[in-house]
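The values are calculated or read from the model by the stated rules, or taken from the named source; none is laboratory data. Nothing here was measured: the structure is a model prediction, and the numbers come from that model. Note that each Cβ is placed from the backbone with ideal geometry, even for glycine, and that neighbours are counted across all protein chains shown. Note: accessible area is taken over every heavy atom of the protein model, side chains too, but ligands, DNA and RNA are not part of it. Shrake-Rupley method; radii C 1.70, N 1.55, O 1.52, S 1.80 Å.
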Amino acid sequence: MSLDPECRLCLLWHDRIQVVPPSGDRLSKVALVGEAPGANEDEIGRPFVGRAGRTLDQLMQEVGLDREKVMITNTVKCRPPENRRPSPKEALACRPYLLEELAGKRLVLALGISAAEGLLGRKVVMKDSANQLFDVELNGLELKVMVTYHPSACIYTPGAKDVLREALRTATTYL
Ligand code: URA
(Lines give C-alpha, C1' and ligand atoms only; values in the text may rest on other atoms or scores of the structure.)
Protein backbone atom coordinates (compact mmCIF):
# COMPACT_ATOMS: atom_id res chain seq x y z
CA MET A 1 0.00 0.00 0.00
CA SER A 2 1.55 3.34 -0.97
CA LEU A 3 1.98 5.93 1.73
CA ASP A 4 -1.00 8.25 2.24
CA PRO A 5 0.05 11.77 3.34
CA GLU A 6 -3.42 12.08 4.92
CA CYS A 7 -3.21 8.66 6.62
CA ARG A 8 -5.53 8.02 9.60
CA LEU A 9 -4.97 4.28 10.00
CA CYS A 10 -4.06 4.90 13.66
CA LEU A 11 -4.46 7.80 16.08
CA LEU A 12 -0.94 9.22 15.58
CA TRP A 13 -2.37 11.46 12.84
CA HIS A 14 -3.85 13.60 15.57
CA ASP A 15 -0.59 15.10 16.86
CA ARG A 16 1.66 14.85 13.82
CA ILE A 17 2.70 17.73 11.58
CA GLN A 18 3.19 15.39 8.66
CA VAL A 19 3.59 11.77 7.58
CA VAL A 20 7.33 11.11 7.16
CA PRO A 21 8.09 9.06 4.03
CA PRO A 22 11.29 7.05 3.41
CA SER A 23 14.36 8.90 2.21
CA GLY A 24 17.18 7.85 -0.08
CA ASP A 25 16.89 5.35 -2.92
CA ARG A 26 13.52 3.59 -2.79
CA LEU A 27 14.90 0.94 -5.16
CA SER A 28 18.06 0.28 -3.13
CA LYS A 29 18.75 -3.32 -2.11
CA VAL A 30 19.42 -2.13 1.44
CA ALA A 31 16.91 -0.63 3.87
CA LEU A 32 17.48 0.91 7.29
CA VAL A 33 14.41 0.85 9.51
CA GLY A 34 14.19 3.02 12.63
CA GLU A 35 11.45 3.41 15.21
CA ALA A 36 9.42 6.56 14.47
CA PRO A 37 9.95 10.18 13.48
CA GLY A 38 10.97 12.52 16.29
CA ALA A 39 10.28 16.27 16.54
CA ASN A 40 12.86 17.25 13.90
CA GLU A 41 11.73 14.57 11.48
CA ASP A 42 8.08 15.58 11.97
CA GLU A 43 8.98 19.18 11.19
CA ILE A 44 11.23 18.52 8.19
CA GLY A 45 9.48 15.45 6.77
CA ARG A 46 12.58 13.26 6.48
CA PRO A 47 13.75 10.33 8.65
CA PHE A 48 16.82 10.69 10.89
CA VAL A 49 17.56 14.41 10.57
CA GLY A 50 17.93 15.14 14.31
CA ARG A 51 20.50 14.06 16.88
CA ALA A 52 20.18 10.33 16.13
CA GLY A 53 20.45 11.18 12.44
CA ARG A 54 23.74 12.96 12.98
CA THR A 55 25.15 9.89 14.74
CA LEU A 56 23.90 7.70 11.89
CA ASP A 57 25.38 10.03 9.27
CA GLN A 58 28.75 9.99 11.01
CA LEU A 59 28.89 6.19 11.20
CA MET A 60 27.68 5.78 7.61
CA GLN A 61 30.37 8.14 6.48
CA GLU A 62 33.01 6.18 8.41
CA VAL A 63 32.17 2.97 6.51
CA GLY A 64 31.57 4.68 3.16
CA LEU A 65 27.82 4.05 3.04
CA ASP A 66 26.14 6.81 1.06
CA ARG A 67 22.83 7.90 2.59
CA GLU A 68 21.34 8.37 -0.85
CA LYS A 69 22.27 4.82 -1.93
CA VAL A 70 20.11 3.14 0.74
CA MET A 71 16.47 3.56 1.73
CA ILE A 72 15.90 4.93 5.23
CA THR A 73 12.49 4.54 6.80
CA ASN A 74 10.69 4.00 10.10
CA THR A 75 8.45 1.37 11.69
CA VAL A 76 5.74 4.02 11.98
CA LYS A 77 5.63 7.09 9.78
CA CYS A 78 4.14 9.57 12.26
CA ARG A 79 5.65 11.01 15.42
CA PRO A 80 4.27 9.51 18.64
CA PRO A 81 3.47 12.20 21.25
CA GLU A 82 6.38 12.94 23.64
CA ASN A 83 8.51 10.64 21.49
CA ARG A 84 7.14 7.58 23.26
CA ARG A 85 7.66 4.20 21.62
CA PRO A 86 4.98 3.36 19.07
CA SER A 87 2.49 0.82 20.42
CA PRO A 88 2.21 -2.62 18.80
CA LYS A 89 -1.22 -1.52 17.53
CA GLU A 90 0.26 1.56 15.83
CA ALA A 91 3.09 -0.50 14.34
CA LEU A 92 0.57 -3.00 12.99
CA ALA A 93 -1.59 -0.26 11.48
CA CYS A 94 1.48 1.15 9.68
CA ARG A 95 2.69 -2.29 8.57
CA PRO A 96 1.20 -2.25 5.04
CA TYR A 97 3.35 0.78 4.22
CA LEU A 98 6.49 -0.87 5.58
CA LEU A 99 5.78 -4.05 3.63
CA GLU A 100 5.53 -2.12 0.40
CA GLU A 101 8.77 -0.27 1.15
CA LEU A 102 10.72 -3.45 1.98
CA ALA A 103 9.63 -5.53 -1.02
CA GLY A 104 12.70 -6.58 -3.04
CA LYS A 105 15.30 -5.62 -0.43
CA ARG A 106 18.37 -7.85 -0.03
CA LEU A 107 19.11 -6.68 3.51
CA VAL A 108 17.07 -4.85 6.12
CA LEU A 109 18.90 -3.28 9.07
CA ALA A 110 16.53 -3.05 12.02
CA LEU A 111 17.77 -0.09 14.06
CA GLY A 112 16.72 -0.62 17.67
CA ILE A 113 14.23 -2.69 19.60
CA SER A 114 11.03 -1.33 18.03
CA ALA A 115 12.14 -2.12 14.49
CA ALA A 116 13.67 -5.45 15.55
CA GLU A 117 10.59 -6.66 17.42
CA GLY A 118 8.27 -5.42 14.69
CA LEU A 119 10.18 -7.26 11.98
CA LEU A 120 10.98 -10.44 13.93
CA GLY A 121 7.55 -10.61 15.57
CA ARG A 122 8.94 -11.45 18.99
CA LYS A 123 10.73 -9.95 21.97
CA VAL A 124 14.36 -9.07 21.28
CA VAL A 125 17.21 -8.62 23.76
CA MET A 126 19.56 -6.38 21.82
CA LYS A 127 22.81 -7.49 23.44
CA ASP A 128 22.00 -11.12 22.48
CA SER A 129 20.79 -10.46 18.93
CA ALA A 130 22.85 -7.49 17.76
CA ASN A 131 24.35 -7.94 14.29
CA GLN A 132 22.86 -11.38 13.82
CA LEU A 133 21.10 -12.15 10.54
CA PHE A 134 17.56 -13.52 10.65
CA ASP A 135 15.50 -14.93 7.79
CA VAL A 136 12.07 -13.48 8.32
CA GLU A 137 8.75 -14.08 6.60
CA LEU A 138 6.52 -11.07 6.94
CA ASN A 139 3.08 -11.31 5.37
CA GLY A 140 4.50 -13.37 2.49
CA LEU A 141 7.60 -11.18 2.15
CA GLU A 142 10.90 -13.03 2.68
CA LEU A 143 13.50 -10.78 4.23
CA LYS A 144 17.02 -10.97 5.57
CA VAL A 145 17.03 -8.85 8.70
CA MET A 146 20.07 -7.75 10.68
CA VAL A 147 19.15 -6.48 14.11
CA THR A 148 21.38 -3.77 15.50
CA TYR A 149 21.50 -0.81 17.87
CA HIS A 150 19.52 2.35 17.30
CA PRO A 151 21.81 5.38 16.77
CA SER A 152 20.31 6.93 19.95
CA ALA A 153 21.59 3.97 21.97
CA CYS A 154 25.16 4.97 21.05
CA ILE A 155 24.89 7.79 23.56
CA TYR A 156 24.30 5.63 26.64
CA THR A 157 25.18 2.01 25.72
CA PRO A 158 28.90 1.21 25.87
CA GLY A 159 30.04 -0.48 22.68
CA ALA A 160 26.82 0.22 20.74
CA LYS A 161 28.56 2.58 18.36
CA ASP A 162 31.11 -0.05 17.32
CA VAL A 163 28.39 -2.67 16.85
CA LEU A 164 26.21 -0.34 14.77
CA ARG A 165 29.22 0.71 12.69
CA GLU A 166 29.94 -2.97 11.90
CA ALA A 167 26.30 -3.55 10.89
CA LEU A 168 26.52 -0.57 8.54
CA ARG A 169 29.77 -1.97 7.15
CA THR A 170 27.98 -5.26 6.45
CA ALA A 171 25.23 -3.32 4.69
CA THR A 172 27.75 -1.95 2.19
CA THR A 173 28.35 -5.52 0.95
CA TYR A 174 24.64 -5.97 0.07
CA LEU A 175 24.33 -2.93 -2.20
N1 URA B 1 14.64 7.94 15.48
C2 URA B 1 14.04 7.07 14.64
O3 URA B 1 13.86 5.91 14.96
N4 URA B 1 13.69 7.51 13.45
C5 URA B 1 13.88 8.74 13.04
O6 URA B 1 13.50 9.05 11.93
C7 URA B 1 14.51 9.62 13.93
C8 URA B 1 14.88 9.21 15.14
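By how many nm would the segment from Asp66 to Arg26 lengthen if fully extended, with 0.36 nm per residue of separation less the alpha-carbon distance? Walk me through the numbers before you get to the answer.
Details: separation 40, 0.36 × 40 = 14.40 nm, distance 1.36 nm.
Value of the extension gain: 13.0 nm.
Using the crude model of +1 on Lys and Arg Cβ and -1 on Asp and Glu Cβ, and no other charge, please compute the dipole size for the range 24-175 relative to its Cα centre, in debye to 20. Present the calculation step by step, with values, prior to reporting the outcome.
Working: 22 positive and 20 negative charges, 24 e Å.
Dipole about the Cα centre, nearest 20: 120 debye.
Can you compute 3J(HN,Hα) from phi for each residue in the range 38-48, using the Karplus curve 6.51 cos²θ - 1.76 cosθ + 1.60 with θ = phi - 60°, rounded to whole Hz and x for Gly and Pro?
x, 4, 5, 5, 5, 6, 8, x, 9, x, 6
Give me the percent of DSSP beta bridges within the range 56-150 that run antiparallel, rounded to the nearest 5.
For the range 56-150, the DSSP antiparallel bridge percentage is about 60.
Kindly provide the chymotrypsin sites (Phe, Trp or Tyr not before Pro) of the range 109-161 that DSSP labels as loop, not H, G, I, E or B, and whose Cβ sees at most 12 other Cβ atoms within 10 Å.
Qualifying residues, ordered by number: Tyr156.
For the chain, what does the helix formula give at 222 nm: sum of -39500 (n - 2.57) over DSSP H segments with n ≥ 4, over the residue count, nearest 500 deg cm²/dmol?
-10000 deg cm²/dmol
Given 0.36 nm per residue, what is the gain on full extension from Arg85 to Gln58 after removing their alpha carbon distance, in nm? Before the final figure, lay out the partial values.
Numbers: separation 27, 0.36 × 27 = 9.72 nm, distance 2.43 nm.
Here the segment from Arg85 to Gln58 would lengthen by 7.3 nm.
Taking all protein chains together and a probe of 1.4 Å, list His150, His14 from the most accessible to the least accessible.
His14, His150
Starting from the 7 Å offset along Cα-to-Cβ, what nm value, one decimal, do you get for the label separation of Leu99 and His14?
Placing both labels 7 Å along Cα→Cβ, they lie 2.7 nm apart.
For the range 3-14, in order, what is each residue's ³J(HN,Hα) by Karplus, 6.51 cos²θ - 1.76 cosθ + 1.60 with θ = phi - 60°, in whole Hz (x at glycine and Pro)?
Per-residue couplings from phi come out as 4, 9, x, 9, 3, 9, 5, 9, 7, 5, 4, 4 Hz.
Heavy-atom accessible area per residue, the range 11-172, 1.4 Å probe: how many Å²?
Using a 1.4 Å probe on heavy atoms only, each residue of the range 11-172 averages 47 Å².
Got a sec to turn the phi values of the range 106-123 into Karplus ³J(HN,Hα) couplings, 6.51 cos²θ - 1.76 cosθ + 1.60 with θ = phi - 60°, whole Hz, x for Gly and Pro?
Residue by residue, the range 106-123 yields 8, 9, 10, 8, 8, 8, x, 5, 4, 5, 4, 5, x, 7, 8, x, 7, 5 Hz.
Going by amide H atoms built from the backbone, whose H comes under 5 Å of the H on Val70, apart from near neighbours?
Close amide H contacts, sequence-distant or interchain: Asp25.
In the range 93-131, what trypsin sites (Lys or Arg not before Pro) fall in a loop by DSSP, with at most 12 other Cβ atoms inside 10 Å?
Arg122, Lys123
Report the net charge of residues surrounding Asp66, where surrounding means a beta-carbon distance below 12 angstrom and charges are Lys +1, Arg +1, Asp -1, Glu -1.
Combined, the nearby Lys, Arg, Asp and Glu give -1.
Only bridges with both residues in the range 11-172 count here: give the DSSP antiparallel percent, nearest 5. Kindly include the intermediate steps, with their values, before the conclusion.
Details: 8 of 20 bridges.
Restricted to the range 11-172, the bridges split so that about 40 percent are antiparallel.
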